[in-house]
Structures are given as structure tokens and as C-alpha cells.
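One structure is given here, and the rest of the page talks about it.
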Amino acid sequence: MSVLDDLKNLESEALERISNSGSLDAFNEVRVQFLGKKGSITAVLKTLGKLPVDERKLIGASANAVRTNIEENIKSAQNKLSTCKTASDFDPTLPGTAQPIGTIHILNQVMNDICRTFYGMGFEIAKGPDVETDYYNFEALNFPPDHPARDMQDTLFVENDRVLRTHTTPVQARFLETHKPPIKIITPGKTFRNEAISTRAHVAFHQVDGFLVDEGVSIADLKGAIVAFCKAFFGEDVKLNFRPSFFPFTEPSAEVDVSCILCKGKGCQLCKYTGWLEILGCGMIDPNVLDNAGIDSEKYTGYAFGLGVERIAMLKYKINDIRLFFNNDIRFLRQFI
Ligand code: DAH
């Protein structure tokens, strides 16, 4: 074996020893053994004098490089060690360093709460696409083309017959097409409308729709489900007011108000002195919607409802501007950790 091979072997032996050592004493031992006066690298250097000039130059340079490399490795391992504390320096009574961690956005918290409540009532969760076809967003839901009811929802068009869904109700049309009753579903998700942004309206917001289809479903079942949800969500003593309304996909249709959570119905600024807060739309699924999805509307009936997540969150936490949810001001969001 040549002297150069010896040097290489010594170098790798030394580096391995360094990486396996964990104390200042162990590093010193390595230094003495390899680089000390009687060390093995030093021994190689001592033999140089006997060699011919050109070999001496070559091996000398290599030995010096190995020496420097070992020295630097020892130094950096020592540095690493000195920044660590030994077990005896560790004080378990000192406060830890707080790590900033993310939290669930208030809107997701409220959406999860809504879903959890319905889940407890036996509803399963289904989802659909944010970019929807005109068919599912409108036509399947009994909005005929050019029908004025389409103006109820200012639509953002993507291209040709594609729209950003204006409500989560299209998931109902999709689900009914591919499943057989009995069906009991909620559909949380994002929705979009071409609205002027204000304290009460935004272009992107969230809804949870729900629907149940089976034989013999009546308006009493709808009322029972809404009452059960509102009591679980807003508290046992909440009062409900069902008002007749219109939606193309339900007949009859209603809007539901809960007694104002702030003034308990006495009248205040939040409820505009009416004592009531509107929280959702609902009704019995229009037979046309069932027929469009290939479900026999003579045999099956169903109810449906839809609620706005921002609206519920604003009521529950007494937030007076919808834009606060989307500004991502950490001072606002931190209140809901
Ligand atoms: N999709 C309606 C809206 O965005 C809300 C709604 C009302 C949904 C009645 C329903 C329903 O499922 O039955 O204004």
C-alpha cells in the first residue's frame, strides 16, 4: 500500500471517530492519536525527509490537507457540542419557548360546528365542484332559462355554460342523480356571487345545504329537523319563526328566523328592533327537481334547507362586518382561538 493510501485510511478512520464521539475529551483523544507529536499523521510527515523531492512534495501536500480536514472536523464537532446543554444544565422549571402554531379559521370552526350538529342528526356530508355548469346551478333546480328567478342570484360566469356556483344547492341535484332514496345529506362549501362588497355582502362566502328524500316525508319532518338544529346550535330556549317565501327548487318554501340572540326578542340594533334574525331558507323539494334527477316524485318526497355560514358566524359572535372574515387581520382572528 502506498503512503497516499495510508493517509486516506487514516483520514477516514479519524473522521469516523469524530462523528462517533460525544465529548470534548473524546475529541482531544482523536487529536492526540492522529495529529499529536506521536500521532499517526505526524508519523507519516516524519518519513517525508527520506523520500525523493517530487514524491515528498506530493505526499506532503496530501498529508497537510488531511491534517487540516481532521482539525476542522474536530473544531466544528466541538462547537456543536458546546452549544448543547448537558443534562445537568437543563432546568425543567424554566418556561418553554412558545412555537407559533396555526389555528382553524373562525368560518371553518362555525362550518364544522354546523356540520357536526347535522351529523349528530344522521346527515352525511357530500361535496360538489366550485365551478358548476348552468344545468346544475340553475336548470336542474327548476330555474328555466331566462326565468326571472335567476336574477335572485347575481352570477359570476366563467365561460359558456360554466358559472361559479351561486349556492351549494347544485350538490343536491348532482347527488340525487346518482343515488337512490333514502337520502339524508348536507353539503358544506364555497359559493360566489357578483355582489358589491359591503358590511353584509361579499363575492365569496360559504353555505351549508341539507336535504332528505324518502317515502312519506312531510313538512312536519322539515320543521322537526330545523327546530332540532336550531335548539342544538343556538340553545334550547331559542324561538323560531317560519315565514312563507319563494325558491324555484322548493314548494312550498319558507325562510326561518330565530329570536335575536342578543336581546332575546325584545328588539335591538342587531335585529333592527324586530326581535328576529333570519338564518335560513327551506322548503319541500319541488317535484320537478326530483323528476329531473330521475327520482319518482309520485313515490318520494323530500325537504331541503340552506344556510349561510357567514351569517350564522356573525350572529353567533356578534360580528358586524362580513369583510373582517377575509381581511386576515391576525388581531381579529386571534379572538377565536
Ligand atoms: N340556495 C338558496 C340561496 O342560496 C338557499 C336555499 C333555500 C337552499 C331553500 C335550499 C332551500 O336548499 O331549500 O339563497
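Which residue, of S40, S2, S12, is of a type in the set (S, T, Y) and surrounded by 14 or more Cβ atoms within 10 Å (Cβ to Cβ)? Reasoning before the result, please.
On the way: S2 fails: surrounded by 14 or more Cβ atoms within 10 Å (Cβ to Cβ); S12 fails: surrounded by 14 or more Cβ atoms within 10 Å (Cβ to Cβ).
Sole residue among the options that is of a type in the set (S, T, Y) and surrounded by 14 or more Cβ atoms within 10 Å (Cβ to Cβ): S40.
S259 fails exactly one of the following numbered conditions: (1) in contact with a helix residue (DSSP H, G or I) (Cβ under 9 Å, 6 or more places away or on another chain); (2) open to solvent by 20 Å² or more (accessible area, probe 1.4 Å). What is the number of that condition?
Condition (2) is where S259 drops out.
Has the range 141-158 got any residue that is under 23 Å from I319 (Cβ atoms) and either over 26 Å from the mean Cα position of the chain (by Cα) or in the same structural domain as L315 (by TED's automatic domain parsing) (or both)?
no
Please go through the range 212-231 and give me each residue that is in a helix (DSSP H, G or I) and surrounded by 16 or more Cβ atoms within 10 Å (Cβ to Cβ), ordered by number.
D221, L222, K223, A225, I226, F229, C230
Only residues in the range 204-231 that are at positive phi count as the first member; pair them with residues that are of a type in the set (S, T, N, Q) and open to solvent by 10 Å² or more (accessible area, probe 1.4 Å), Cβ under 9 angstrom, at least 6 apart or cross-chain, and list the lot.
G216/T301
The values are calculated or read from the model by the stated rules, or taken from the named source; none is laboratory data. Being a predicted model, the structure only gives us computed values, none of them experimental. Neighbour counts are summed over all protein chains in view; Cβ atoms, including those assigned to glycine, are modelled from backbone coordinates with ideal geometry. Surface accessibility is based on the protein's heavy atoms, side chains included, excluding ligands, DNA and RNA. Shrake-Rupley method; radii C 1.70, N 1.55, O 1.52, S 1.80 Å.
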